[in-house]
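Since the structure comes first, as structure tokens, the remarks are kept for the end.
The values are calculated or read from the model by the stated rules, or taken from the named source; none is laboratory data. For clarity, every value in this text was computed on a predicted model and none was experimentally measured. Here the Cβ positions follow ideal geometry from the backbone for every residue, glycine too, while neighbour counts run over all protein chains shown.
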Amino acid sequence: MQGAQVGTQLQSELRAFIRALPNAKLGPDPMSEEAYFYGRFNFAHFHGPRHVDVRLSIEEQRKALDQGKAHPHLWAPRAGWVSCTLEDGEDLDAAKELVRRAHDHWESVSSRRQ
């Protein structure tokens, strides 16, 4: 498989993973081509075939960056966002782990606000 095809395949797998999370909803986001929300919280969105941004708690963001599982987000690092590039199966596994952490964090925030 060539570069763009690999990215598209990995992104398809990550999208399926996100869609299977409880209460994860696809929603509009003016800054990305596809965004996923828990309640009103955007916790993951895509840019192109290889790039996904994930919004973690600040503590989880620090861990992800320290462990090399993500890169600092260009525009909103203070809000817990990190960026992941999907190049291979290892990147996909790391992205899934971070998406799960983000989903769990925003689920917890939502339940505290009710």
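For the stretch 70-97, give me each residue that is at pLDDT 95 or above and basic (K, R). Selection gives K96 alone.
Residue-by-condition table, conditions (1) more than 12 Å from the chain's Cα centre (by Cα); (2) farther than 22 Å from P22 by Cβ; (3) of a type in the set (A, V, I, L, M):
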| residue | (1), (2), (3) |
| --- | --- |
| K63 | yes, yes, no |
| H73 | no, yes, no |
| P77 | yes, yes, no |
| D88 | yes, yes, no |
| A95 | no, no, yes |
| R101 | no, no, no |
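Of all residues in the stretch 1-57 being of a type in the set (K, R) and farther than 18 Å from L86 by Cβ, which is farthest from the chain's Cα centre (by Cα)? Result: R40. Among the residues of the stretch 55-94, those identified as exposed (fewer than 15 other Cβ atoms within 10 Å of the Cβ) and among the small types (G, A, S) are G68, A76, A79, G89. Residue count for the stretch 42-60 satisfying the condition of being small (G, A, S) and at pLDDT 95 or above: 2. One residue stands out among those in the stretch 3-36 that are in contact with a Phe, Trp or Tyr (Cβ under 7 Å, 6 or more places away or on another chain) and within 20 Å of R78 (Cα to Cα): the one that is surrounded by the most Cβ atoms within 10 Å (Cβ to Cβ), which is Y36. Looking at this structure, is K63 touching a Gly at 6+ places or on another chain (Cβ under 9 Å), at pLDDT 95 or above, closer than 20 Å to S108 by Cβ and not small (G, A, S)? Considered against the rule, which asks whether it is touching a Gly at 6+ places or on another chain (Cβ under 9 Å), at pLDDT 95 or above, closer than 20 Å to S108 by Cβ and not small (G, A, S), K63 comes out as no.
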